[in-house]
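*Asks:* I'd like to ask some things about the structure below.
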Number of protein chains: 2
Amino acid sequence: MFDPVEKLKEFIRHPSISADSAAREGMRGAQEFVSNLLGSLGFTVEVVRTDVHPIVLAHRGGEASWPHVVIYGHYDVQPADPLNLWRTPAFEPTIIGNRIYGRGAADNKGPLLTNIAAVAKALEENPRLPLRITFLIEGEEEMGSPSFPVFLEKYAARLREADFVFLSDTALPNENQVVLTCGLRGLTLFDVHLTGAKGDLHSGLHGGVLRNPIQALAEILASLHTPDGRVNVPGFYDEVLDVHPWEREELRKLGTDEKAYADFLGIDAFYTTPGFNPFESARFQPTLEFNGIGGGYQGEGTKTVIPSKAFAKISCRLVPNQEPDVIKQKVMDAIRARVPKGIKLEFVDQHKGDPYVVVPPGRSNTPKDQSPVLAQAFRATEQAVGEVWGRPPLYLREGGSVPIIASIKQVTGLDSIMLGLFLPEDNLHAPNESFNLDVMRKGIETTRRILHSLAAGTR
Amino acid sequence: MFDPVEKLKEFIRHPSISADSAAREGMRGAQEFVSNLLGSLGFTVEVVRTDVHPIVLAHRGGEASWPHVVIYGHYDVQPADPLNLWRTPAFEPTIIGNRIYGRGAADNKGPLLTNIAAVAKALEENPRLPLRITFLIEGEEEMGSPSFPVFLEKYAARLREADFVFLSDTALPNENQVVLTCGLRGLTLFDVHLTGAKGDLHSGLHGGVLRNPIQALAEILASLHTPDGRVNVPGFYDEVLDVHPWEREELRKLGTDEKAYADFLGIDAFYTTPGFNPFESARFQPTLEFNGIGGGYQGEGTKTVIPSKAFAKISCRLVPNQEPDVIKQKVMDAIRARVPKGIKLEFVDQHKGDPYVVVPPGRSNTPKDQSPVLAQAFRATEQAVGEVWGRPPLYLREGGSVPIIASIKQVTGLDSIMLGLFLPEDNLHAPNESFNLDVMRKGIETTRRILHSLAAGTR
């Protein structure tokens, strides 16, 4: 059995920045690192070429009656800039106290290696472990997984043979409380472009004559929410699932603190969907958000123009069972209906992702046809977390989006168990990213127990 | 008497771009050109140093009973770029047909030289012309006349000795119709900055929790107009002067064409102050306009942030008797009252200028105490225009702003007679600027007649 911390250091040293075309060598190094590591554990490794960065697919087969888990992770990392804000070199792993510093330490190299080490340990303890395992490790997560849909379609049949997906790419609220993420928001994004006159105009000679596209844009954007904070688009909430009492109860157990949250954000008032506190609103309700706006003169001083053009970037976070294309159409229709005379409208489509929810066994809304292996895996996870961390996990939906989880569900029917392993203070996507080695140790022990427990349930 | 066209060529050859610090030699050349020209006509020339570019003050004195006209002009020009769009070199004057091409040909070197040539001719015809003349020729007009207020305060006493200001820095609607501009809009400008959270936030983790400053900005901007196109700020129209029937009548004589105007702008609907057609709205009504807007992510693709900040650049065009500071205060108060909870507001003040109006003699709203010399000058101008152009001038207010005209009025009490000499097709501030030499010839003759007529009225 390898030393997980030493292996993690080796992994971090490969600067695998997927978005940086100059980081080709680091990408190859990280890919080969995981391929070799899994090969050394007896896995059959396949490096699946894609248009951008390859996907590592590593398989341990077995009898058809054995449970089959797909363990997801990614070997790519965010860019490390601004480099001058790092206290230790971004790609020279450094241990200080119980933390290891380096880009990717927490997202996702540490958590991924935690699961690989747990597999290694379980197989060392029982080389004949009756469990089929497929590692699916991509290299484009930090750039939006552009090749994933194509891969998924191509490998759908093979993936459908598995029972569920297991991954650690979500958060722990604090060092003592494990969260199993059981829901993610989807999203749909597009840009709105408005055009008034055919060119920028002198605001003296022509001011008072025509509609300014910035004014039209402001009027349209302002119309998209009601004063009390709901999205003002016909049918926007039609497909939103009710929140079940047990979900609010889980959140209450988390011990949320509105004052501390407002201080963290630097605001003096929340603005939520009516009837939902901020913690609930971000998890259970959809949004329509403006990510950017631009038009006319934005420099120092003044330029007295009536601009010809203005635009806004819009995104909606979606909850089950909202469909991205349906919601986008409703929002676009609302905008189209509100464009005033004298203004031309154009949309630029951006990407999208479905929302996702999985209900653990024994809840009021657990599907009657839930797969027995998935239910068993949830119970095994609950039990292992309780033993290792001293308290049971919480099941929480999260406000963020991991579109591949919903894609996997749609294409293969597989649900995901998301065991969070990074902490708010781990500085993901920021300078001085780190990973807590106590969490790593506990994580390895948790996953090890889950694997044994799953295998023990084999008939 | 010099050849006006040859002199204009010489004038244009000096690249006097006031905003370009590399054009120092061109600025000095143009300044010395006018100084020497006026010196050669017997004027006492004073070059008044300022913080940026000097002002040429050239005086022809006489008896206190003689009328005293201040002739305004500017020797600086706009930058000439993009140079590749010029069909002839920008600073190599070129005559094609009845036009002279070159940067500054129409704004303002041609019209200014027209008036200088008229003075030269009148003085040649009558060296003892009983008329006091002061040329006031600045070099910062194209950069907003930053030194003018200081100059004005310092020379106020001397300027107050004059009777009125005469200038040609406004437009003719077409080659056959002279317009005397009798009103200009003022303006007030400022920026609005809104801040939500203390930094940009992940729109998944925090979306649905707080108010987006782009949304707040859109709501505020949208609130600043009523649906029918009036500015929705309490008291905004309080001081707006009524339009007199004769003013609408003058506009009707202009023969305006809404279809042609809409085509020129490239719009399919106008949006004016209710009760005013587009030509009236731009001249007689104030505006509140958005010159620029920005916030959040504006690049290609997407970035799912809730931005911390958003801003807009606002300008109001004002009509008599609106005061810039009063209007700015009213708009700022309205904005302040509409900022929602959770959003912080900041204003950045920009510049301002008063509106201006002068009423020709014999109108329903002509001031009872109008100066007899001003009234005489208006009549002389009307008569000269009628004789030279074959039809009387129209008196029109314009939508643009020339803040120095209102400043001169405020500080010295002097009104201005604005005889337009450039045409819409002269391409001011654009490549291939040109000046119509037939207009120049007629302009010289017009101003020559005005000067003789004024002098003839001397008791």
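A short reminder: the numbers here are calculations on the coordinates, not readings from a lab. Predicted model, so just to flag it, every value in this text is computed and none were measured. Cβ: placed from backbone, ideal geometry, glycine included. Neighbour counts: every protein chain shown.
*Asks:* Cα gyration tensor of region B:329-374, axes a ≥ b ≥ c as square roots of the eigenvalues: rounded (a/c below 1.5), prolate (a/b > b/c) or oblate?
*Replies:* Details: a/c = 7.24, a/b = 3.52, b/c = 2.05.
Taking the square roots of the gyration eigenvalues as a ≥ b ≥ c, region B:329-374 is prolate.
*Asks:* Follow-up. Would you mind giving the three semi-axes, in whole Å and largest first, of the ellipsoid equivalent to region B:1-57 according to its Cα gyration tensor?
*Replies:* Working: eigenvalues 84, 53, 6 Å².
Calculated on Cα positions only, the semi-axes equal 21, 16, 6 Å.
*Asks:* Over the whole of A:223-234, what's the average partner chain Cβ count within 10 Å per residue? Rounded to a whole number, please.
*Replies:* Numbers: counts 3, 2, 5, 0, 2, 0, 3, 0, 1, 0, 0, 0.
Across the residues of A:223-234, the mean count of other-chain Cβ atoms within 10 Å is 1.
*Asks:* Also, quick follow-up: Using a 10 Å cut-off around each Cβ of peptide B:395-401, what is the average number of partner chain Cβ atoms that fall inside? Write out the running numbers ahead of the final one.
*Replies:* Working: counts 0, 0, 0, 2, 8, 7, 6.
The mean count of partner-chain Cβ atoms within 10 Å per residue comes to 3.
*Asks:* Right, here's the next one. Roughly what % antiparallel, to the nearest 5, for the DSSP beta bridges in chain A? Write down the numbers at each step before the final one.
*Replies:* Details: 50 of 70 bridges.
Percentage antiparallel, nearest 5: 70.
*Asks:* Right, here's the next one. Could you tell me the extents of region B:383-427's C-alpha atoms along the three principal axes, largest first, rounded to whole Å?
*Replies:* Result, largest extent first: 37, 29, 14 Å.
*Asks:* Tell me the Kirkwood hydrodynamic radius of region A:207-255 in angstroms, computed as one over the mean inverse distance between distinct C-alpha pairs.
*Replies:* Numbers: mean 1/r = 0.0689 Å⁻¹.
One over the average 1/r among Cα pairs gives 14.5 Å for region A:207-255.
*Asks:* Sticking with this one: Are there GluC sites (Glu not before Pro) in region B:1-84 that DSSP marks as loop and that have at most 15 other Cβ atoms within 10 Å, and which are they?
*Replies:* Numbers: sites: B:Glu6, B:Glu10, B:Glu25, B:Glu32, B:Glu46, B:Glu63; in loops: B:Glu63.
Answer in residue order: B:Glu63.
*Asks:* With θ taken as phi - 60° and the coefficients 6.51, -1.76 and 1.60, list the Karplus ³J(HN,Hα) couplings across region B:283-293 in order, rounded to whole Hz; mark glycine and proline as x.
*Replies:* Calculated HN-Hα couplings, in order: 9, 10, 10, x, 10, 10, 10, 9, 8, x, 8 Hz.
*Asks:* Count, for each residue of B:303-311, the Cβ atoms from other chains sitting within 10 Å of its Cβ, then give me the mean as a whole number. It would help to have the intermediate numbers written out before the result.
*Replies:* Working: counts 5, 10, 6, 6, 5, 2, 0, 3, 2.
Counting Cβ atoms of other protein chains within 10 Å of each residue's Cβ and averaging gives 4.
*Asks:* Give the dimensionless ratio obtained when the Cα radius of gyration of region B:362-459 is divided by 2.2 N^0.38 Å.
*Replies:* Numbers: Rg = 15.5 Å, N = 98, 2.2 N^0.38 = 12.6 Å.
This ratio for region B:362-459 stands at 1.23.
*Asks:* Between A:Asp81 and B:Asp81, what is the label-to-label distance in nm when each label sits 7 Å out along the Cα-to-Cβ direction?
*Replies:* So the two model labels end up 2.5 nm from each other.
*Asks:* Excluding same-chain residues fewer than 8 positions from B:Lys154, which lysines have a Cα within less than 19 Å of its Cα?
*Replies:* Of all the lysines, those that pass the test against B:Lys154 - Cα under 19 Å, at least 8 places apart if same chain - are B:Lys409.
*Asks:* Could you give the size of the charge dipole of region A:311-459 about its Cα centre, using +1 on the Cβ of each K and R and -1 on the Cβ of each D and E, expressed in debye and rounded to the nearest 20?
*Replies:* Values: 20 positive and 16 negative charges, 96 e Å.
That gives region A:311-459 a dipole magnitude of about 460 debye.
*Asks:* Compute the Cα gyration tensor for region A:251-401, then decide on rounded, prolate or oblate, letting a ≥ b ≥ c be the square roots of its eigenvalues: rounded whenever a/c is under 1.5, prolate when a/b is larger than b/c in the other cases, and oblate in all that remain.
*Replies:* Note, shape of region A:251-401 comes out prolate.
*Asks:* How do B:436-445, B:187-196, A:79-88 rank on mean C-beta neighbours within 10 Å, highest first? Before the final figure, lay out the partial values.
*Replies:* Details: B:436-445: 20.3, B:187-196: 23.2, A:79-88: 13.2.
Descending packing order for the listed peptides: B:187-196, B:436-445, A:79-88.
*Asks:* Okay, helix-only estimate at 222 nm for chain A: each DSSP H run of n ≥ 4 adds -39500 (n - 2.57), divide by all residues, round to 500 deg cm²/dmol; what do you get?
*Replies:* Numbers: 12 runs with 153 residues, N = 459.
Rounded to the nearest 500, it is -10500 deg cm²/dmol.
*Asks:* Amide H neighbours of B:Gln350 under 5 Å, counting only residues 5+ apart in sequence or on other chains, H built in-plane at 1.01 Å?
*Replies:* Those lying under 5 Å, H to H, from B:Gln350 are B:Leu189, B:Phe190, B:Asp191.
*Asks:* Let me ask you something else. Provide the FRET efficiency to the nearest 0.05 for the B:Asn126-A:Glu346 pair, computing r from the beta carbons and using R0 = 60 Å.
*Replies:* Numbers: r = 65 Å, r/R0 = 1.08.
With R0 = 60 Å, the Cβ-Cβ based efficiency is 0.40.
*Asks:* By how many degrees, between 0 and 90 and to the nearest 10, does the Cα long axis of helix B:110-125 differ from the longest principal axis of chain B?
*Replies:* Compared with the principal axis, the helix lies near 20 degrees.
*Asks:* Over region B:295-401, what relative contact order in percent results from Cα pairs under 8 Å that are six or more residues apart?
*Replies:* 19 percent
*Asks:* Shifting gears a bit: What are the semi-axes of the equivalent ellipsoid of region B:55-140, taken as the square roots of 5 times the eigenvalues of the Cα gyration tensor, listed largest first and rounded to whole Å? Walk me through the intermediate numbers first.
*Replies:* Working: eigenvalues 215, 47, 9 Å².
Square roots of five times the eigenvalues give 33, 15, 7 Å.
*Asks:* Turning to a different aspect of this structure: If I fit a long axis through the Cα atoms of helix B:148-160 and take the longest principal axis of the Cα atoms of chain B, what angle between them do I get, 0 to 90°, rounded to 10?
*Replies:* 40 degrees
*Asks:* Any number yet on Rg/Rh for chain A, C-alpha, Kirkwood? Each step should come with its number before you reach the end.
*Replies:* Working: Rg = 24.3 Å, Rh = 24.0 Å.
Ratio of gyration radius to Kirkwood radius for chain A: 1.01.
*Asks:* Given labels modelled 7 Å from the Cα in the Cβ direction, how far is it in nm from A:Thr256 to A:Phe2?
*Replies:* With each label point 7 Å from Cα toward Cβ, the separation is 4.0 nm.
*Asks:* I need the calculated FRET efficiency for the pair A:Arg24 and A:Val47, taking r as the beta carbon distance and R₀ as 25 Å, to the nearest 0.05. It would help to have the intermediate numbers written out before the result.
*Replies:* Details: r = 15 Å, r/R0 = 0.60.
With a Förster radius of 25 Å, E is 0.95.
*Asks:* Can you give me the long-range amide H partners of B:Thr94? Hydrogens built in the peptide plane at 1.01 Å from N, cutoff under 5 Å, separation of 5 or more residues or another chain.
*Replies:* Long-range HN contacts for B:Thr94: B:Tyr101.
*Asks:* Just to confirm the number: angle between the C-alpha axis of helix B:213-222 and the first principal axis of chain B, 0 to 90 degrees, nearest 10?
*Replies:* 50 degrees
*Asks:* If you put a point 7 Å past Cα along the Cβ direction, how far is that point for B:Asn98 from the same point in each other copy, in nm, smallest first?
*Replies:* 9.2
*Asks:* For a quick size check, give me the Cα extents of region A:94-194 along its three principal axes, largest first, whole Å.
*Replies:* Projected onto its principal axes, the Cα set of region A:94-194 covers 63, 43, 25 Å.
*Asks:* Taking R0 as 22 Å, what FRET efficiency do you get between B:Asn321 and B:Arg230 from their Cβ-Cβ distance, rounded to the nearest 0.05? Walk me through the numbers on the way to the answer.
*Replies:* On the way: r = 18 Å, r/R0 = 0.83.
The formula returns an efficiency of 0.75 here.
*Asks:* Still on this model: How far is B:Asp333 from the same spot in each other copy, in nm, shortest first, if each label point sits 7 Å from Cα toward Cβ?
*Replies:* Nearest first, the other copies' label points are 4.5 nm away.
*Asks:* Classify region A:267-338 as rounded, prolate or oblate, taking a ≥ b ≥ c as the square roots of the eigenvalues of its Cα gyration tensor: rounded when a/c is under 1.5, otherwise prolate if a/b is larger than b/c and oblate if not. Let's see the in-between values first.
*Replies:* Numbers: a/c = 3.39, a/b = 1.60, b/c = 2.12.
In terms of gyration-tensor shape, oblate.
*Asks:* Sticking with this structure for a sec: When each pair of different Cα atoms in the protein assembly as shown is counted once in the 1/r mean, what is the Kirkwood radius in angstroms, to one decimal? Mind showing how you got there, number by number?
*Replies:* On the way: mean 1/r = 0.0309 Å⁻¹.
Over the protein assembly as shown, the inverse of the mean reciprocal pair distance is 32.4 Å.
*Asks:* Region A:339-385 to region A:121-171: how many Å between their Cα centroids?
*Replies:* Spelled out, the Cα-based centre of one part sits 18 Å from the other.
*Asks:* Just to check I understand the Karplus step: with θ = phi - 60° and J = 6.51 cos²θ - 1.76 cosθ + 1.60, what whole-Hz values come out for region A:87-96, glycine and proline as x?
*Replies:* 7, 10, x, 4, 10, 10, x, 9, 9, 10
*Asks:* Under a point spin-label approximation (7 Å from Cα along Cα-to-Cβ), what is the A:Ser40-B:Lys154 distance to one decimal in nm?
*Replies:* Taking the two extended label points, one gets 8.2 nm.
*Asks:* Region B:186-205 to region A:386-438: how many Å between their Cα centroids?
*Replies:* 32 Å
*Asks:* Sort B:247-259, B:160-172, B:286-298 for me by packing, meaning the mean count of neighbouring Cβ atoms within 10 Å per residue, highest on top. Display every interim value, and only then the final one.
*Replies:* Details: B:247-259: 14.1, B:160-172: 21.0, B:286-298: 24.3.
Peptide ranking by packing, descending: B:286-298, B:160-172, B:247-259.
*Asks:* Quick check on region A:117-248: what are the equivalent-ellipsoid semi-axes from the Cα gyration tensor, as sqrt(5λ), descending, whole Å? Each step should come with its number before you reach the end.
*Replies:* Values: eigenvalues 515, 97, 48 Å².
After scaling each eigenvalue by five and taking roots: 51, 22, 15 Å.
*Asks:* Neighbour counts of other C-beta atoms within 10 Å: give me B:His206, B:His59 arranged from fewest to most.
*Replies:* Numbers: B:His206 22, B:His59 18.
With the sparsest Cβ surroundings first, the list reads B:His59, B:His206.
*Asks:* Okay, moving on. Report, by chain and number, residues whose modeled amide H sits under 5 Å from the one on A:Gly144, excluding near sequence neighbours (fewer than 5 apart, same chain).
*Replies:* none
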